[in-house]
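Let me begin by presenting the structure, written as structure tokens, before commenting on it.
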Amino acid sequence: MIISAIAAVAENGVIGNKGQLPWNLPDDMKFFQRTTVNHHVITGRKNYESIPERFRPLRDRVNIVVTRTVGYDAPGAAVCGSLEDAIAIARAADQKEVFLIGGGELYKEAFEKGIVQRIYLTTVHAKPRGDVKFPEIGKGWKEVWTERHEKDERHAHAFTFKVLQR
């Protein structure tokens, strides 16, 4: 099974601010949806709670919330106490690819453990303020696909989609 991370990251490393995305990029949201649909997605509790309630759990995906909070309830989602347990749920379901969708602590743990094999990275060409940053991913990544989008009436910032592989 391929363990992938998917994230939108500003040029200054910011991925979130006060529980929200610091930008509105509809085409990036469509890319996220298209890429993760019909897969298991693994999220940390804070990131899960940052998803607007009307969209939780994310539709057409098995949502797995990782939290140390005993008895945490996420209706419609699986809840477990570790990243390893979350990955085991996807592996037991015979998934070909599982997606880590955030937040910062979950990404950091996954990269420190060296378990991520693919990254779907949207680089947002901006430097917004934020209180959550994407971790260092380390060396050994090869860019296998890229697609740039300029800013327009729907997108306040230019952005670039990339896929990186180990």
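Points to keep in mind about this one:
- Fraction of the pair-distance distribution of the range 13-60 above 13 Å, Cα-Cα pairs, percent: 65 percent
- Pairs beyond 19 Å (Cα-Cα), from 113/139; 18/133; 96/142: 96/142
- Once both labels are positioned 7 Å from their Cα atoms along Cα-to-Cβ, the gap between residue 162 and residue 125 label points is 1.4 nm.
- Of the trypsin sites (Lys or Arg not before Pro) found in the range 30-90, those that fall in a DSSP loop while having at most 13 other beta-carbon atoms within 10 Å are 59, 68.
- What the Cα convex hull of the range 72-166 gives, in volume per residue, is 157 Å³.
- Size descriptors for the range 2-165 (Cα atoms only): Rg and Dmax, in that order, 15.1, 45 Å.
- Summed side-chain charge close to residue 12 - residues other than residue 12 whose Cβ falls under 15 Å, Lys, Arg +1, Asp, Glu -1: 0
- For the range 21-36, the residues whose backbone nitrogen is under 19 Å from a point 7 Å from the Cα of residue 150, taken along Cα to Cβ, are 25-28.
- Environment charge at residue 72 (Cβ cut-off 12 Å; Lys +1, Arg +1, Asp -1, Glu -1): +1
- Rg ratio for the range 33-76: its Cα radius of gyration over 2.2 N^0.38 Å, N being its residue count, equals 1.12.
- Among the GluC sites (Glu not before Pro) found in the range 1-84, those both in a DSSP coil and sparsely packed, with 16 or fewer other Cβ atoms within 10 Å of their Cβ, are 11.
- Loop-located trypsin sites (Lys or Arg not before Pro) in the range 76-127 (DSSP state not H, G, I, E or B) with no more than 14 neighbouring Cβ atoms inside 10 Å: 96, 113.
Read-outs throughout are calculated quantities, based only on the coordinates presented, and are distinct from any laboratory measurement. Model, not experiment: these values are computed from the prediction. Note that we place each Cβ from the backbone using ideal geometry, even for glycine, and neighbour counts take in every protein chain shown.
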